[in-house]
Amino acid sequence: MEFLEEMESRFKETEIGLIPEHWEVVKVGDVINSFTPNAKLKQSDYKTFGKFPVIDQSQKYIAGFHDDETMVFDKDLPVILFGDHTRIIKYVDFPFIYGADGLKIIVPKEKFHRKYFYYALLNLNIPSEGYDRHFKILKERLIPLPPLHEQKAIADVLSSIDDKIELLHRQNKTLEKMAMTLFRQWFIEPTKDGLPDGWGEVSLGEIIEISSGKSIEKGKLKEKGLYPVLGANGEIGRVDDWLYEGELIYTGRVGTLGNVFIVFKNEKVWLTDNTLVIRPKKNEYYYFVYFTLKNAKLDEYNSGSTQPLIRQSDIKKMEIFLPKIDLLKDFEAISRNIFTKIQFNTSQIQTLEKLRDTLLPKLMSGEVNIL
């Protein structure tokens, strides 16, 4: 009874539920400045490498790079970016180039710690309301406003988790680059002066099976579910059913071309109908096929008239040099060791993301006090 009375004395009822007595509630639109830069980079101008990252609302991370210094946004950093179409929220503390329409730049006013404000926005539920309406909805939402030192403490806890997640993502990228470097040294460079002894020339269709994914029924796609739904850009949502179980490779069939992904052994996923699903016919072909596709620049195989498209037959007809089986087995063994580490890191990332997502609403309501 005394505990309940103490809780009641420390918390107050507000429009967003119970929060600590000394916190305030504010409307997002009242505490921000927001704008959209005039300079925009077309998606067709994105580069794989360049001086400055391009931020696009269709991507959770950097969408590409470019060298045009006149288009770089570097004022009042860090800022929060909001995708008016996608509802994706990003915290950006480095100079970047603005890409595509619909990306709003948000700068919170002085009473806010910027990283706390970012997490406060992440904690909001912005329902899908159609094209170009989400920012208007966001500005009407209410968020808690603790004292500045509490904002910083909350942001520090969540940032420490996100920093670890980012470190693991970077490790995974480095590990995959190592495997790609080995692939090129073993299988690309030796063919520049002719075909080595024991190698053969085959079409990719001779060593793989390929099919299209399956469309997902309306209403099945959700933000939280048991299994990931994977499209041409990676995960697009969750679902409670699964269609495929690893180990397999997939790439975009329509829309976005060029990305190649792995589904690990024992993973259960739903692959949409804008993907192509690829299974090597022998175990020792698996990572060889994966890196062959990564190295092939699949976006250049576009055969669509109204939107980018790559057909199963386009991939099957690709002519490749097939190395001796012993070399393939050695590469497979090394790659599997590398990707076992990547899978372990990926599992850690998922655990940390769940921890962050569990902590976020509790910290934003004051239910968990870290001071």
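FYI, it's all coordinate maths here, none of it is from the lab. Since the model is a prediction, treat every value here as computed from it, not as a measurement. Quick reminder, even Gly has a Cβ in these numbers, built from the backbone with ideal geometry, and neighbours come from all protein chains shown.
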**OP:** Report P(r) for region 17-150: all Cα-Cα distances, bin width 5 Å, range 0 to the bin holding the largest distance, values in whole percent.
**Re:** 2, 10, 20, 22, 18, 13, 9, 4, 2, 1, 0
Original post:
If the label point is 7 Å along Cα→Cβ of Lys265, which residues in region 319-354 have backbone nitrogen under 17 Å from it?
Top reply: 329-347
Subject >> Fully extended contour minus Cα-Cα distance, from Lys136 to Phe344, at 0.36 nm per residue >> reply: 70.8 nm
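Output the DSSP H helices from the chain with an along-axis C-alpha extent of no less than 27 Å and a mean Kyte-Doolittle hydropathy no less than 0.5. Before the final figure, lay out the partial values.
Values: long enough: 148-183 (51 Å, -0.24); 325-365 (59 Å, -0.13).
Qualifying helices, which must be both long enough and hydrophobic enough, do not occur.
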Original post:
Between Lys177 and Glu217, what is the FRET efficiency for a Förster distance of 35 Å, r being their Cβ-Cβ separation, to the nearest 0.05?
Top reply: 0.35
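Please give the charge dipole size of region 217-347, origin at the Cα centre, charges +1 on K and R Cβ atoms and -1 on D and E Cβ atoms. Round to the nearest 20 debye.
Numbers: 20 positive and 17 negative charges, 17 e Å.
With only Lys, Arg, Asp and Glu charged at Cβ, the dipole is about 80 debye.
Can you put Thr181, Thr346, Thr272 in order, fewest other beta carbons within 10 Å first? Mind dumping the intermediate values first?
Details: Thr181 10, Thr346 16, Thr272 22.
Ordered from fewest to most neighbouring Cβ atoms within 10 Å, Thr181, Thr346, Thr272 come out as Thr181, Thr346, Thr272.
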Subject >> Fewest-first sequence of Lys90, Lys362, Lys42 by Cβ atoms within 10 Å of each Cβ >> reply: Lys42, Lys362, Lys90
Subject >> Set of region 227-271 residues, backbone N closer than 16 Å to the point 7 Å along the Cα-Cβ line of Lys42 >> reply: none
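Efficiency by 1/(1 + (r/R0)^6): what FRET value for Leu18 and Ile188, r their Cβ-Cβ distance, R0 = 56 Å, to the nearest 0.05?
Working: r = 61 Å, r/R0 = 1.09.
According to the calculation, E is roughly 0.35.
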Original post:
Once fully extended, how much extra length lies between Asp241 and Asn283, figured as 0.36 nm per residue of separation less the alpha-carbon to alpha-carbon distance?
Top reply: 12.4 nm
Original post:
If contacts are Cα pairs under 8 angstrom and at least 6 residues apart, what is the relative contact order of region 38-172 in percent?
Top reply: 20
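Rank these for me by crowding, Thr174, Thr340, going from fewest to most other beta carbons within 10 Å.
Working: Thr174 10, Thr340 13.
If I rank by nearby Cβ atoms, fewest first, I get Thr174, Thr340.
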Original post:
Farthest toward the dipole's positive end in the chain, which of Ser303, His85, Val260, given Cβ charges of +1 (Lys, Arg) and -1 (Asp, Glu) about the Cα centre?
Top reply: Ser303
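Given Cα pairs under 8 Å that are at least 6 residues apart, what percent is the relative contact order of the chain?
Reported as a whole number, the value is 15 percent.
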Subject >> Pair Leu167, Val368: separation of 7 Å Cα→Cβ label points (nm) >> reply: 1.8
